[in-house]
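The values are calculated or read from the model by the stated rules, or taken from the named source; none is laboratory data. Since the structure is predicted, the reported quantities are computational estimates derived from the model, not experimental observations. Virtual Cβ from ideal backbone geometry, glycine too; neighbours counted across all protein chains shown. Ligands, DNA and RNA are excluded from the accessible area calculation, which covers all protein heavy atoms including side chains. Shrake-Rupley method; radii C 1.70, N 1.55, O 1.52, S 1.80 Å.
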Amino acid sequence: MHGMTGKDAAGGGLRERKKRATRAALTEAAVRLAAEHGADHVTVEAISAAAGVSVRTFFNYFDSRDDAFVVVDADVGVRVRRSLLDAPADLTPLEALREALAAELAEAERQHELWTLHAEVLRAAPRLLVRSLGAQMADEAGLAEVVAQRIAAGTREGGTVRSPGGEGRAPGLYPRLLAAVAGTAVRVSVQHWCDRQDEDVPFADVFREVFALLAAGLPAPGR
């Protein structure tokens, strides 16, 4: 889940919305400058100036220049995990995760160009691609822990789990697999949708189709 989010700054209080807007502006500036000049030729000063903020403000959101290319929205994983824990108990783990991800990608159409540029930037800079994959794996591990908590909560009579923290045990096979599959499903949905832009297919339709195939057990086409 570590990647571009289609969700805007509509949620949360005013302070939170401003923080999201500033992070989004810095991220977009970094990606666009890197796509034009190459990531190695983009400075923190240039990113900050393009976003209309100070260098000090930049470092309030990112620890380094490269993080601006990789850590697109550090809060996405937190929001997805929270939504997964808060989802109705009658939803399966896959359904709950689908809805949590769908909420983050609700306005994906507006992000098409930026998603494309971001992918180009990562492909052109192997070290950034490696860092991005590492960040995705970290997000995946955190998501697997929450999937395990949701499953455990469902087996307790009247019990619910509200804390995103772990319980001292490594997630089982199913939580790990679901977290990994969900990340792949999002990536495939985005890539497939981007490749079909000339067909004017809504991203939400592609996303739902991908998860429907997963829920059906990936039956062979035509069967």
Going toward the positive end of the dipole of the chain, with +1 on Lys and Arg Cβ and -1 on Asp and Glu Cβ, which of 43, 112, 122 do you reach last?
-> 43
For the range 25-150, fraction of C-alpha pairs farther apart than 22 Å, in % | 44 percent
In whole percent, the fraction of accessible protein surface over the range 25-118 that belongs to carbon or sulfur atoms, probe radius 1.4 Å, stands at 50 percent
Top mean-square fluctuation among 67, 198, 40, Gaussian network model of the chain, C-alpha springs under 10 Å?
-> 198
For residue 45, net neighbour charge (Lys/Arg +1, Asp/Glu -1) across residues whose Cβ lies under 14 Å away = +2
0 to 90° range, to nearest 10: angle between helix 14-37 axis and the chain longest Cα axis = 60 degrees
Once the Cα atoms of helix 126-154 and of the chain are each reduced to a long axis, what angle between those two axes, in degrees from 0 to 90 to the nearest 10, is obtained?
-> 30 degrees
Based on Cβ point charges of +1 for Lys and Arg and -1 for Asp and Glu, what charge dipole magnitude is obtained for the chain about its Cα centre, in debye rounded to the nearest 20?
-> 680 debye
Accessible area of residue 201 in the full protein assembly, 1.4 Å probe (Å², nearest 10) = 30 Å²
Comparing 177, 122, 101 in a Gaussian network model of the chain (Cα, 10 Å), the one with the largest mean-square fluctuation is 177
The longest stretch of the chain containing none of the GluC sites (Glu not before Pro) that sit in a DSSP loop with at most 14 other Cβ atoms within 10 Å is 1-106
Give me the number: length gained by fully extending residue 60 to residue 133, i.e. 0.36 nm times residue separation minus the C-alpha to C-alpha distance, one decimal in nm.
-> 24.0 nm
What 222 nm value per residue comes from the helices of the chain, counting each DSSP H run with n ≥ 4 as -39,500 (n - 2.57) and dividing by all residues, nearest 500 deg cm²/dmol?
-> -21500 deg cm²/dmol
With no solvent and one point on each alpha carbon, what is the Debye value of log10 I(q)/I(0) for the range 47-119 at q = 0.13, 0.20, 0.21 Å⁻¹?
-> -0.56, -0.96, -0.99
Helix 173-195 versus the longest principal axis of the chain: what is the Cα-based angle in degrees, 0 to 90, to the nearest 10?
-> 50 degrees
